[in-house]
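Structure first, then comments.
The values are calculated or read from the model by the stated rules, or taken from the named source; none is laboratory data. Fair warning: this is a prediction, and the values are worked out from it, not measured in the lab. Here Cβ is always computed from backbone atoms with ideal geometry, including for glycine, and neighbour counts include all displayed protein chains. For the accessible areas, the whole protein counts, side chains as well, though only heavy atoms, and no ligand, DNA or RNA atoms are used. Shrake-Rupley method; radii C 1.70, N 1.55, O 1.52, S 1.80 Å.
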Amino acid sequence: IFLLFGAFILLCGTSHLMSIWVLWHPNYYIEGWIKAATAVVSIATLVVIIIKLPQALSLPSPKQQAELNDKLQEVNARLEAQHALNEDMYRNTLTAVVDNMVDGIVTIDETGKITSFNRACTQIFGYEAREVIGKNIMTLMPDPNYSEHDTYLSNYLTTGAAGREANAVRKDGTVFPV
């Protein structure tokens, strides 16, 4: 539509210029062809507008778009809140299960810092969770496991190969296998 309007305006201007030109130079055929082209483009523009008008009228107004955007934002906010609630419920359920296991479970991040320490670990190691969370896992290891751990962790992060026998150390200093 924009191209047709542009062509129509250009041809109209050209036909007006030709009307002035033919006052001194009798190029009536050229003027006629320009006016014929203007008429063809004008009719084509009319046909396209008639075809596209229902689509244009069905578009929402800016006010309707703003209302739809507001509703969409409300729905998104509710979905995010529901997702956060579901995530919290999942995390709480998982924490409850892990905390009530008889096996000790310690989780670490990719740098070796302890991120969780269940209740069984408190019994096993003698540390409270708040004493070890955020510290490096090597806090719970005697030598030589202590000095080998960074290499083991690096290998695990690059290859994904896990599993080794190691020893651990309790808060009171006693060493035991894990």
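Data overview
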read-out	value
Matching residues in segment 137-178 - criterion: being of a type in the set (G, A, S) and over 33 Å from the mean Cα position of the chain (by Cα)	S147, G163, A166, A168, G173
Qualifying positions in segment 140-153 - surrounded by 14 or more Cβ atoms within 10 Å (Cβ to Cβ) and assigned to a loop (DSSP other than H, G, I, E, B)	M141, P142
Qualifying positions in segment 154-171 - in contact with a helix residue (DSSP H, G or I) (Cβ under 7 Å, 6 or more places away or on another chain) and either closer than 14 Å to K113 by Cβ or open to solvent by 50 Å² or more (accessible area, probe 1.4 Å) (or both)	A161, A162, R164, N167, R170, K171
Residues that are touching a residue at least 12 places away in the same chain (Cβ under 8 Å), within 30 Å of A56 (Cα to Cα) and open to solvent by 40 Å² or more (accessible area, probe 1.4 Å), drawn from segment 15-40	K35
Top-ranked residue of segment 1-14 - restricted to ones that are among the β-branched types (V, I, T) and open to solvent by less than 90 Å² (accessible area, probe 1.4 Å), ranked as farthest from I50 (Cα to Cα)	T14
Of all residues making up segment 67-112, the number that are among the hydrophobic types (A, V, I, L, M, F, W, C), exposed (fewer than 11 other Cβ atoms within 10 Å of the Cβ) and over 30 Å from K135 (Cα atoms)	5
Enumeration of residues in segment 101-139 that are over 18 Å from R91 (Cβ atoms), of a type outside the set (D, E) and in a helix (DSSP H, G or I)	A120, C121, T122, Q123, I124, F125, R130, V132, I137, M138, T139
